[in-house]
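Input: a single structure, listed below in structure tokens.
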Amino acid sequence: MAGATVAILGSSGFVGSAIRSQMMRDGWEVRPIESPRLFTAGTSAVGIVESLKKLDHVVRKMQEQLNGVEVIINAAGLAKPSGQNIEALFGANALLPLVVAEASRRVDLRRFIHISSASVQGNVAVLDESDHYGALSPYALSKAVGEQSLLLSLDPRVIILRPTSVHGKGRSLTRRLAKFARSPLSSVLDPGDDPTPQVLVTNVASLASLLCQNDVIPPPIVLQPWEGMTTSTFLEVISGRRPRRIPRGVGNSTLAATRLLSKALPITAFQRRLELLWLGQMQVRGWVDSIGFRAPDGPEAWEALARSI
């Protein structure tokens, strides 16, 4: 795609900066687009669509910045799983994607890639590429409503990319998990071979770039593929030490207690993180696997990340 222009919202953020670097390596001319700060009281797809009707001036301003652009990628948003500012969360994660989609439609861009999150499906047994939602936090719900709003348009140019739990050198979550993995508390449920959906940000960027290619026709929702991590190998690779194995009965009782507590206390994000560390989560072999895509960065990149933290 040498010479073609891609516009990126959120190009200075954790995921957006990785995508920007990858697109430049792949020969694209990158045009950063400033993300407007939006707020909305709408917390459903219908409410978000209604909010869009009042933002024609915002759409027009973005439309003006898209002249000469072939593809746009939205990597902007509020990435705060425990965030409680509802109007800001839904403005950034649900309303902004619809603004971008409308501006893209008006200038007839070839494709719009929206970076969402697998958290929209919550603790479902198996992550997939369906429109099944089970959001467990305000953050996840705002991302889910963003997806639903985009899907209502039935625009085949809109592609939703769902990364799973994303890691990289600049992410505070990665540092916190590495600290946990190196502590005496580091543990998994015995035997520790449950798959866990942990991915490198560079691999998310590589897939985003693939979705922009002319000869690729993705489905409306694309799930980031599994990188082969189990609950045990994930903690081991980011710490260099094996986690303790907790009897499954004890661990399941502990998780049940945290689920009850999360209904009364604001610990949903912590509770969900503990579930992923102990239980992991399966995912389907989706469209990306069917076309033979393999994440370019493997075990050596994970080890390099661990050394850098």
Protection proxy (average C-beta count within 10 Å per residue), highest first, orders 99-107, 54-62 as 99-107, 54-62
Mean shadow area of the stretch 1-113, taken as a quarter of the surface of its Cα convex hull (nm²):
6.8 nm²
Run the numbers on the chain and let me know its relative contact order in percent, using alpha-carbon pairs under 8 Å that are six or more apart.
18 percent
How far is helix 14-25 tilted off the main Cα axis of the chain, in degrees rounded to 10, range 0 to 90?
60 degrees
Using Cα pairs closer than 8 Å and at least 6 residues apart in sequence, work out the relative contact order for the stretch 3-127, in percent.
31 percent
Where labels lie 7 Å past Cα in the beta-carbon direction, separation of Val46 and Ser153 in nm:
2.1 nm
Student exercise, the chain dipole from Lys, Arg, Asp, Glu Cβ charges, in Debye to nearest 20
1040 debye
The stretch 173-224, dipole about Cα centre (Lys/Arg Cβ +1, Asp/Glu Cβ -1), debye to the nearest 20:
420 debye
Would you compute the Debye intensity of the stretch 63-147 from its alpha-carbon atoms alone, equal scatterers and no solvent, and pass along log10 I(q)/I(0) at q = 0.21 Å⁻¹ to two decimals?
-0.94
Just the number: Rg to Rh for the stretch 220-309, Cα atoms, Kirkwood Rh, two decimals.
1.04
Return, for the Cα atoms of the stretch 145-302, the radius of gyration and Dmax in Å, separated by a comma.
17.5, 51
Accessible carbon and sulfur surface of the chain relative to its total accessible area, %, 1.4 Å:
56 percent
What is the packing order of peptides 164-177, 123-136, taking the mean over residues of other C-beta atoms within 10 Å and listing the highest first?
164-177, 123-136
Does anyone have the angle between helix 96-107 and the longest principal axis of the chain? Alpha-carbon axes, 0 to 90°, nearest 10?
30 degrees
Suppose we take every Cα in the stretch 51-194 and form the convex hull; what volume per residue is that in Å³?
142 Å³
Can you give me the three principal axis dimensions of the chain from its C-alpha atoms, in Å, biggest first?
57, 43, 31
Restricting attention to the stretch 1-38, which trypsin sites (Lys or Arg not before Pro) occupy a DSSP loop and are surrounded by at most 16 other Cβ atoms within 10 Å?
Arg37
Bins of 5 Å from zero: percent of alpha-carbon pairs in the stretch 1-46:
5, 21, 22, 16, 11, 11, 8, 6, 0
Using a 1.4 Å probe, what is the accessible area per residue for the chain, in Å²?
45 Å²
Non-local amide H neighbours of Leu189 (under 5 Å, H modeled in plane, Pro and chain starts lacking H): which ones?
Ile246
Calculate how steeply helix 248-262 sits against the longest principal axis of the alpha-carbon atoms of the chain, using the helix alpha-carbon long axis, and give the answer as 0 to 90 degrees to the nearest 10.
50 degrees
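The values are calculated or read from the model by the stated rules, or taken from the named source; none is laboratory data. Computed from a predicted model, the values in this text were never measured in an experiment. So basically every Cβ, Gly included, is an ideal-geometry build from the backbone, and we count neighbours across all protein chains shown. For accessibility, only protein heavy atoms count, side chains too; no ligands or nucleic acids. Shrake-Rupley method; radii C 1.70, N 1.55, O 1.52, S 1.80 Å.
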